[in-house]
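> Sharing a structure below in structure tokens format, with a few things to ask.
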Amino acid sequence: MPELPEVETVRRGLAPAMERARIDKIEVRHRGLRWPIAKDFEKRLQGQTVTSVGRRAKYLIVDLSSGDVLVMHLGMSGSFRVNDDKIAKYHHEKSKSEAHDHVVFHMSNESVVTFNDPRRFGSMKLVARTRIDDEPLLRSIGPEPLGNEFDAAMLAKAVAGKKTSLKAALLDQRVVAGLGNIYVCEALFRARLSPKRQAATIADKKGQPNERAIALVDAIKTVLHDAIKAGGSSLRDHRRADGSLGDFQHNFLVYDREGEPCHGVSGTVTRIVQNGRSTFYCPSCQK
């Protein structure tokens with residue numbers, strides 16, 4: 001599933017095509033995504049101007065002139081492409097059959113934005129901006145890891161007293177938003193912290209951050225910035241809006257590198273299973 005860097009990459013690709021443009025026509029070719037697309041979806045969208053394209057955790061947040069907000073999730077296999085002769089033209093690869101084009105936005109600036117999702121686990125939902133804070137999809141999500149407010153003190157407070165593993169805590173979207181398996185593994189390696197370490201050990205008895213918390217927050221921010229700069233990681237379905245692949249998968253230090261030499265010391269990358277998910281780490285340098 002796409003994580004924060006992939007969703008942010010998509011957001012940056014959609015913004016030039018959609019912001020300050022009017023939705024002249026909306027085609028819903030298949031309503032059966034993760035949740036059925038509402039019957040009044042087209043009526044509420046057509047004729048509205050997109051005022052901004054944002055992101056919250058792994059969700060795309062599109063503000064409309066009507067006061068509605070279009071909340072979108074890519075699911076497991078969703079992707080957007082932008083067809084615009086003035087900017088870029090993306091032709092389908094065989095793996096992105098047009099049979100899986102489910103929603104098409106025709107913009108007043110002549111851009112055509114298409115949502116493609118073979119597995120149909122993606123979603124689109126319209127929410128009134130005045131009710132966005134109460135939206136069930138968003139209201140329990142924790143702080144944005146790239147925001148100024150996310151720091152060692154905030155993370156230490158969130159995990160204080162938690163007996164779960166550090167990796168499980170970081171995957172909890174209530175603790176920190178947008179992180180998934182890839183970037184948790186990579187951040188823990190950069191911070192030299194074991195994914196098996198008890199989460200509470202990055203805080204003292206009073207819930208104050210220690211040096212582990214400081215190193216971990218720095219690693220999280222750094223790996224996310226690096227991944228966004230590289231356009232995210234393309235392992236299966238992720239594509240940028242122009243159809244090109246992300247490049248960060250070529251920079252993995254531990255993820256999906258089981259049995260390979262560790263980049264830190266003379267250890268070997270190991271794979272274990274935690275809560276049903278594969279974890280990649282180096283036992284020699286992550287303690």
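> Only one of E19, E3 is more than 15 Å from V127 (Cβ to Cβ), touching a helix residue (DSSP H, G or I) at 6+ places or on another chain (Cβ under 8 Å) and not aliphatic (A, V, I, L, M). Can you tell me which? Show your work before the answer.
On the way: E19 fails: touching a helix residue (DSSP H, G or I) at 6+ places or on another chain (Cβ under 8 Å).
Step by step, each of E19, E3 is checked, and only E3 is more than 15 Å from V127 (Cβ to Cβ), touching a helix residue (DSSP H, G or I) at 6+ places or on another chain (Cβ under 8 Å) and not aliphatic (A, V, I, L, M).
> Which condition breaks for R129 when tested against (1) at pLDDT 95 or above; (2) among the basic types (K, R); (3) surrounded by 16 or more Cβ atoms within 10 Å (Cβ to Cβ)?
(3)
> Still on this structure, please answer the following. Given the criterion free of Cβ contacts under 8 Å to residues at least 40 places away in the same chain and within 17 Å of Q286 (Cβ to Cβ), identify the matching residue among A168, A219.
On the way: A168 fails: free of Cβ contacts under 8 Å to residues at least 40 places away in the same chain.
None of the other options fit; the residue is A219.
> Could you list, in sequence order, all residues of the stretch 257-283 that are part of a loop (DSSP other than H, G, I, E, B) and at pLDDT 95 or above?
Step one: list which residues in the stretch 257-283 are part of a loop (DSSP other than H, G, I, E, B), which gives 257-260, 262-267, 269, 275-276, 282-283.
The answer is R257, E258, G259, E260, V269, C282, P283.
> Here is a further query. Applying the selection to the stretch 229-256, what residues are aromatic (F, W, Y) and assigned to a loop (DSSP other than H, G, I, E, B)? Don't jump to the end; show me each part of the working.
Step one: filter the stretch 229-256 for residues aromatic (F, W, Y), giving 248, 252, 255.
Passing the criteria: F252, Y255.
> Name every residue in the stretch 142-171 that is part of a loop (DSSP other than H, G, I, E, B) and buried (at least 18 other Cβ atoms within 10 Å of the Cβ), in order of residue number.
First, pick out the residues of the stretch 142-171 that are part of a loop (DSSP other than H, G, I, E, B): 142-151, 160-164.
If the condition is that a residue be part of a loop (DSSP other than H, G, I, E, B) and buried (at least 18 other Cβ atoms within 10 Å of the Cβ), then G142, P143, P145, F150, K162 are the ones that fit.
The values are calculated or read from the model by the stated rules, or taken from the named source; none is laboratory data. Given the structure is predicted, the values throughout are model-derived calculations rather than measurements. Every residue, glycine as well, gets a Cβ built from its backbone with ideal geometry; the counts of neighbours run over all protein chains shown.
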